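The values are calculated or read from the model by the stated rules, or taken from the named source; none is laboratory data. Keep in mind that this is a model prediction, so the values were computed, not measured. Note that each Cβ is placed from the backbone with ideal geometry, even for glycine, and that neighbours are counted across all protein chains shown.
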Amino acid sequence: MKAYNPATEELIRDYPEPDEREVEERLAAAERAFAAWRKVPFAERSRLMHAAADRLREHRADYGRLMTEEMGKPLAAAEAEADKCAWVCDYYAENAEELLATQSVATDASRSCVRYDPLGPVLAIMPWNFPFWQVFRFAAPALMAGNVGILKHASNVPGTALAIEEVFLESGFPEGAFTTLLLPSSRTMALIGHPVVRAVTLTGSDKAGREVAAEAGRQLKKSVLELGGSDPFIVLADADPVAAARQAARSRTINSGQSCIAAKRFIVDTSIAERFENELVRQMEGLEVGDPLDRSTDVGPMARQDLLDDLDDQVRRTVEAGATLRTGGRRIEGKGWYYPPTVLTGVQPGMAAFDEETFGPVAAVIRAEGTEEAIELANRSRFGLGASLWTSDSIRAEALASEVEAGSVFVNGVVKSDPRLPFGGIKTSGYGRELADVGIREFVNIKTVWVK
């Protein structure tokens, strides 16, 4: 397990991979921890989860720098990510008991109710792009529900993975309540099949999702999949194209464009498309690309060399298919895996930037003849994670939201995850939900109790 600095391409540290004996010992410890943790009262779980939130805020600078050095996120965004993790810890510390309260149901019994009991050790297979947030988005509700967590993190952020385990240990959680295993992807299927693991959650590509879902299905284990996205950013004729373009540039370059819920396909009414495109180009060209440790940087490097190569290939194939390159489109020379903010116009279905997920700072603009075609183009995708809709008629927009095939639709705002709202997708963007009340109930035994 080797961590490289994406800004310098230098090796940070080489981490040893645990052997089978160590893995078995740590899984056994997780199983023992669950037997005790499930009996811990909500008040004590809440106290410890608040302590984890406090530690995240106290050490935000350290955790932020660690994220930046391992995967290239601009430092200010990395520190904000640590803050958001503290928020989700506090949210579930304050609300989990109510969200999982036993519900009485009137039947022919003397008393009948629905309980929400923990399942056991849950395996989390997590990605590198939001290396703290996507783990805590799972861990806070899972631990508050009485489960324990087993983390198999992305191979390029091993230091981050160990730091997250340390957050819980230093906050007072019992040993084994949250366990990090520094294992390569080749050992993931064996982990899913291990008898200690009761359920699995994955945030990753649709290819990885198919493999994890297939193995979880063979093992008859519950799974939740949060997969890729090619989110549409729909700008209707009555929207302000200049204001929308400014938001578009921000949405497309969050985390240097490496975000599943970043807007990727910008579907704009023909009547305002030229003004939108010109402003989008201006905004993208005004972004500062450089050292992610420099607080003036807007866009940092790509996390790995292969990701840079894939993005460059997608842009090249899209241009060869007839799209127009308005800005960017050529990798930046020198040390570091940098790609400039890029705008492609004249993009059509069948082109790489329309059909595939572009995981980097590349905006594909598609023109639509009216609202009906805009919605049709938005839905012409195998993905269905999030979507945003821009218009001056918010009442109409709420009605149109029902026609958009996505797990989330944001009107006049960029798509984001919020502990208070369910998060997840449809189609090849996965199934199941994280966050809010439905998220904490994904990994519980919804148990009927009937008493006569």
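Within the range 424-442, residues that are within 18 Å of Glu211 (Cβ to Cβ) and touching a residue at least 12 places away in the same chain (Cβ under 8 Å) have Cβ atoms under 7 Å from residues that are of a type in the set (A, V, I, L, M) and in a strand (DSSP E or B) in these pairs: Gly430/Leu225; Tyr431/Leu225; Gly432/Val224; Gly432/Leu225, counting only partners at least 6 apart in sequence or on another chain. Of everything listed in (1) in contact (Cβ under 8 Å) with a residue 12 or more places away in the chain; (2) part of a loop (DSSP other than H, G, I, E, B); (3) on the phi < 0 side of the Ramachandran plot, the single unmet condition for Gly322 is (3).
Please indicate, with yes or no, whether at least one residue in the range 270-286 is without any contact (Cβ under 8 Å) to a residue 40 or more places away in the chain and farther than 28 Å from Leu389 by Cβ. Don't jump to the end; show me each part of the working.
To start, the set of residues in the range 270-286 that are without any contact (Cβ under 8 Å) to a residue 40 or more places away in the chain comprises 271-272, 274-275, 278-279, 282-283, 286.
Restricting the remaining residues to those that are farther than 28 Å from Leu389 by Cβ gives none.
No, the conditions are met nowhere in the range 270-286.
When the range 378-403 is examined, which residues are found to be aliphatic (A, V, I, L, M) and either loosely packed, with under 15 Cβ neighbours inside 10 Å or not in a helix (DSSP H, G or I) (or both)?
Pass one, the range 378-403, residues aliphatic (A, V, I, L, M): 378, 385, 387, 389, 395, 397, 399-401.
Residues satisfying the conditions are Leu385, Ala387, Leu389, Ile395, Ala399.
In this structure, does Phe383 turn out to be under 25 Å from Ala77 (Cα atoms), of a type in the set (Phe, Trp, Tyr) and not assigned by TED's automatic domain parsing to the domain that holds Asn129? So Phe383 fails the test. The range 178-278 holds helices (runs of 4 or more DSSP H) entirely within its bounds, and those carrying 2 or more residues that are of a type in the set (Val, Ile, Thr) and touching a Leu at 6+ places or on another chain (Cβ under 9 Å) map to 188-193. Evaluation of Val105 against the conditions (1) touching a residue at least 40 places away in the same chain (Cβ under 8 Å); (2) farther than 29 Å from Leu27 by Cα shows that the sole unmet condition is (1). Considering the range 28-42, and only residues there that are among the aliphatic types (A, V, I, L, M) and touching a residue at least 40 places away in the same chain (Cβ under 8 Å), the residue that is surrounded by the most Cβ atoms within 10 Å (Cβ to Cβ) turns out to be Ala30. Selection of the range 429-452 for residues being loosely packed, with under 15 Cβ neighbours inside 10 Å and aliphatic (A, V, I, L, M) yields Ile446, Val449, Val451. Arg45 fulfils the conditions (1) over 26 Å from Ser259 (Cβ atoms); (2) surrounded by 20 or more Cβ atoms within 10 Å (Cβ to Cβ); (3) charged (D, E, K, R); (4) touching a Gly at 6+ places or on another chain (Cβ under 7 Å) except for a single criterion, (4).
Number of residues in the range 1-59 that are more than 25 Å from the chain's Cα centre (by Cα), among the charged types (D, E, K, R) and not in a helix (DSSP H, G or I) equals 7. I want to confirm something. Restricting to the range 111-137 and keeping residues that are surrounded by fewer than 24 Cβ atoms within 10 Å (Cβ to Cβ) and among the charged types (D, E, K, R), which single residue is farthest from the chain's Cα centre (by Cα)? Checked the range 111-137; the qualifying residue farthest from the chain's Cα centre (by Cα) is Arg111. Can you find a residue that is surrounded by fewer than 16 Cβ atoms within 10 Å (Cβ to Cβ), modelled with pLDDT of 95 or more and within 17 Å of the chain's Cα centre (by Cα) anywhere in the range 75-82? Yes, the range 75-82 has at least one match.
The residue list Asp240, Asp231, Asp269 contains one member that is over 18 Å from the mean Cα position of the chain (by Cα) and crowded, with 21+ Cβ neighbours inside 10 Å, which is Asp269.
Test Val148 against the stated conditions and say whether it is within 21 Å of Asn445 (Cα to Cα) and either surrounded by fewer than 23 Cβ atoms within 10 Å (Cβ to Cβ) or among the polar types (S, T, N, Q) (or both). When the stated conditions are applied, Val148 does not pass them. If you take the residues in the range 340-377 that are over 19 Å from Arg282 (Cβ atoms) and assigned to a strand (DSSP E or B), which one is farthest from the chain's Cα centre (by Cα)? Out of the qualifying residues, it is Ala368.
Taking the criterion of being farther than 16 Å from Arg433 by Cβ, surrounded by 18 or more Cβ atoms within 10 Å (Cβ to Cβ) and hydrophobic (A, V, I, L, M, F, W, C), the residues of the range 207-226 that qualify are Ala208, Val212, Ala216.
For Arg57, are the conditions met, namely being modelled with pLDDT of 95 or more, more than 21 Å from Glu175 (Cβ to Cβ), touching a Ser or Thr at 6+ places or on another chain (Cβ under 9 Å) and surrounded by fewer than 24 Cβ atoms within 10 Å (Cβ to Cβ)? Steps first, answer last, please.
Values: modelled with pLDDT of 95 or more: yes; more than 21 Å from Glu175 (Cβ to Cβ): yes; touching a Ser or Thr at 6+ places or on another chain (Cβ under 9 Å): no; surrounded by fewer than 24 Cβ atoms within 10 Å (Cβ to Cβ): yes.
Judged against the criteria, Arg57 is not a match.
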